[in-house]
Amino acid sequence: MSVKRQIISWICLLGLGLLASFFLPPYFRYLLGLMAVYSLASIGMNFLTGYTEQISLGNAAFFGIGAYVFAVLQSLQINSVISIIAGAVLSGIIAFIVGFLTIRVKDIYLAVGTLILPLLLLQVTKGMDITGGTGGLSVFPLVEQENGSSLEVAIIIVITSIIGFVSSLIANSFIGRAFHATRLSEHGAVARGIHVVKYKVVAFVLSAILTSISGSLYGVVVGYITPELFQVMISVNFLIMAIVGGRGSITGSLLGSAFVVMIPALFNVIGLAQWQQLGLGIGMGVTLLLFPSGLVGILSLLVKRRRVAINESKPVASETN
Amino acid sequence: MKANQLQVKQIRLNIGGVSILNDVSFSLSEGDRVGLVGPNGAGKTSVINCITQFEKRYQGEVTFSNKLLNKENPQDLPKYKIIRTFQNLGLFNELTVLENFYIAAHQSFESKLKNVFKLEKEVKQEALTLLEHESINLHDIVSDLSYGQQKIVEFLCALIQRPSVLILDEPAAGLNDFEKNRMIEMILKKQQELNFSLLVVEHDVNFVSTLCQNVVVLQSGELLCSGSPEEVFKRKEVIQAWIGESNV
Ligand SMILES: Nc1ncnc2c1ncn2[C@@H]1O[C@H](COP(=O)(O)OP(=O)(O)O)[C@@H](O)[C@H]1O
Ligand SMILES: [Mg+2]
């Protein structure tokens, strides 16, 4: 997508989001805030699972790190922006180390390997005083008295839009293309001088940073955080966002985030809250059955475009000969 | 020794106790067009993999302008302007032709961070010029192209990488006679324009004879002989080697 088109798309999205944050009733405003927040984690997961095909069940670790670093620093009266950045930097450094250690690990082994970090952090946050133990921590609103005010959601929309826009610039630049290249033909990528290991680590770090920022803002929207943020189910939800939305697509990531927020909310609204998880599962099954390349596939029906996401048809793998 | 000369010295490759290459040596000087021929399984692709460092398990030396390449990683070979293609294509199927050209220019993007948008324009313009006489659109998805068109795109992508040595692994495999002739014309024309030396692995005797000034024949991992195409393809042992696997 050309830069001009990206700018226009993101400005429209930002405008719509701002409008909605001031006119929606509180519950829907809360959902809007969640969607915006999750969209960063969704993009983060997509850089891993979609763009470079590294499956991670550990992204909840970075979500939790972002949330806890923000909450702890906030209680120490540290500026919110600095707190968000601190979480992101810490997550980035940890991801760099983990990414480097696991670079030769693939597929299901990588998925299982990445589980270790969140499980570890789950225990640590449960056991420490500074993280509030099992009860977790309260997160104070960014502005005004209550979490989830119109102004606060608007601020979150602005922050997530800016970061989303930057992510989309990266995805459409030589970095995103290198991600695609390493996935589609590793030897082809190498022959073009692409350092495959480097770009896999870059994807890992980028993913962690986005997920961490998402975690910091999640605390703000919800008002409290608990060690449950490190649960596997959180990572699985990010995975669902990336896959149901559309692997290898920023637009898809946003749709995936909306899907994971709206389906359970729908069940909530019609009084079937206990069936939320089942609804999510069925919704996912139906979507992928109809649109194997994800929700973004619906867009490709509307607009006849070249490529909106990774096609369902996998290329035939060829070796170095 | 001449500048920009690629030398392969006494390459041996054993994998799992099987000898795949045995004492293979030859060199490629600036402006040369050398054909590396031989029956299926002779080790031609393996030679390319050793030169471009995709294969690391060999013994012997690969040098370019007197610099030893043995310790380099395969992704660093484009820095030496030693560029290769693949027998089974190394294109990125789900992406467009233009995106494939952009990826071919990846190293320029990495080194010119400040001017990525300008560079994108330049690459696009160059890709348009390269595709001038082709019925290939920049926005076509690579997997939607015919096999012959994909071979052409891969060759042109290699040109974007500004080769000083261009190594083509079976550029004519799977092409019909018309496409083969076009491929020869295109390679010759581009070589004159851009002045790279060429190493071509190819099965088709006509193709090699028309394109190359020199031929190196490989059989069962060993150098059988080398010389001009007219001379080499007349030789008994070469004909035998070919007939040994007749209907390829
Ligand atoms: N990575 C590898 N591991 C084991 N054997 C290999 C490998 N690559 C090639 N070979 C073997 O080496 C021989 C030469 O293969 P190759 O170089 O592809 O031949 P050519 O390109 O001339 O058809 C074949 O017998 C092939 O099976
Ligand atoms: Mg071969």
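The values are calculated or read from the model by the stated rules, or taken from the named source; none is laboratory data. The shown structure was predicted, so the numbers you read here are calculated from the model rather than taken from an experiment. Every residue, glycine among them, receives a Cβ derived from its backbone with ideal geometry; neighbour counts consider all protein chains shown. Protein only, heavy atoms only, side chains kept; ligands, DNA and RNA dropped before computing areas. Shrake-Rupley method; radii C 1.70, N 1.55, O 1.52, S 1.80 Å.
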Ignore the peptide's own chain and count Cβ atoms of other chains within 10 Å of each Cβ in B:100-107; give me the average, rounded.
6
Given a cut-off of 30 Å, what percent of all Cα-Cα pairs of chain B lie beyond it?
26 percent
From the convex hull of the Cα coordinates of the stretch A:82-215, what is the mean projected area in square nanometres?
10.2 nm²
How much accessible surface area, in Å² rounded to 10, belongs to the heavy atoms of A:LEU76 with a 1.4 Å probe?
110 Å²
Students sometimes get this wrong: rank B:LYS67, B:LYS114, A:LYS200 by accessible area, probe 1.4 Å, all chains present, largest first.
B:LYS114, B:LYS67, A:LYS200
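Which value at 222 nm does chain A reach when only helices count, each DSSP H run of 4 or more adding -39,500 (n - 2.57), with the total divided by all residues and rounded to the nearest 500 deg cm²/dmol?
Per the formula, -23000 deg cm²/dmol.
Within a Cβ distance under 15 Å of B:GLU179, other residues only, what is the Lys/Arg minus Asp/Glu net charge? Intermediate results must be reported in sequence, preceding the final value.
Details: positive: B:LYS151, B:LYS180, B:ARG182; negative: B:GLU134, B:GLU154, B:GLU170, B:ASP177, B:GLU185, B:GLU202, B:ASP204.
Counting the neighbours of B:GLU179, the net charge comes to -4.
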Mean-square fluctuation maximum in Gaussian network of chain B, Cα pairs under 10 Å, restricted to B:VAL97, B:VAL123, B:VAL165, hits B:VAL123
Once phi is turned into ³J(HN,Hα) by the Karplus curve 6.51 cos²θ - 1.76 cosθ + 1.60 with θ = phi - 60°, what whole-Hz value does each residue of the stretch B:232-237 show in order, with x for glycine and proline?
5, 6, 8, 5, 4, 5
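Is any helix in chain A, taking whole DSSP H runs, at least 27 angstrom long along its axis by alpha carbon and on average at least 0.5 on the Kyte-Doolittle scale, and which ones?
Span-like helices, by this rule, are A:3-23, A:26-46, A:80-101, A:150-171, A:196-222, A:250-269.
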Under a point-charge model restricted to the Cβ atoms of Lys and Arg (+1) and Asp and Glu (-1), what is the dipole moment magnitude of the stretch B:84-162 relative to its Cα centre, in debye to the nearest 20?
380 debye
Using only protein heavy atoms and a 1.4 Å probe, report how much of B:GLU154 is accessible, in Å² to the nearest 10.
10 Å²
May I ask for the equivalent-ellipsoid semi-axes of the protein assembly as shown, computed as the square root of five times each C-alpha gyration tensor eigenvalue and listed largest first in whole Å?
53, 24, 20
To the nearest 10 degrees, how steeply does helix B:116-130 sit against the main Cα axis of chain B, on a 0 to 90 scale?
60 degrees
May I have the convex hull volume per residue, in Å³, for the Cα set of the stretch B:1-94?
125 Å³
Quick one: Kirkwood hydrodynamic radius for the stretch B:84-162, alpha-carbon pairs, angstrom, one decimal?
12.6 Å
Roughly how compact is chain A, stated as its Cα Rg over 2.2 N^0.38 Å to two decimals?
0.97
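Based on alpha-carbon positions alone, could you give the equivalent ellipsoid semi-axes of the stretch A:1-151 from the gyration tensor, as √(5λ), descending, whole Å?
Semi-axis lengths for the stretch A:1-151 are 29, 24, 13 Å.
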Just to make sure I understand: if all protein chains stay in place, what is the order of B:PHE117, B:PHE233 by accessible area at 1.4 Å, largest first?
B:PHE117, B:PHE233
Expressed in Å to one decimal, the Kirkwood Rh of the stretch B:127-184 from all distinct alpha-carbon pairs is 12.1 Å
In chain A, lysine pairs 8 or more places apart or on different chains with C-alpha atoms under 26 Å apart total 7
Need one value for B:79-90: mean number of C-beta atoms belonging to other chains within 10 Å of its residues' C-beta atoms.
4
Alpha-carbon centroid distance for the pair the stretch B:6-41 / the stretch A:227-271, whole angstrom:
53 Å
Set of lysines near B:LYS67 by C-alpha distance (under 20 Å), chain-local residues within fewer than 8 positions excluded
B:LYS2, B:LYS9, B:LYS56, B:LYS79, B:LYS81
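Charges only on Cβ, +1 for Lys and Arg, -1 for Asp and Glu: so what's the dipole of the protein assembly as shown about the Cα centre, in debye to the nearest 20? List each step's numbers first, then the result.
Numbers: 43 positive and 41 negative charges, 131 e Å.
The dipole of the protein assembly as shown has a size of about 620 debye.
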Treating the angle as unsigned and between 0 and 90°, give the value, to the nearest 10°, between the Cα long axis of helix B:177-194 and the longest Cα principal axis of chain B.
70 degrees
Chain B: relative contact order in percent, alpha carbon pairs under 8 Å with at least 6 residues between
28 percent
Solvent-accessible area of A:LEU16 with every protein chain in place, 1.4 Å probe, in Å² to the nearest 10
120 Å²
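Please report, in cubic angstrom per residue, the volume enclosed by the convex hull of the alpha-carbon atoms of the stretch B:177-248.
93 Å³
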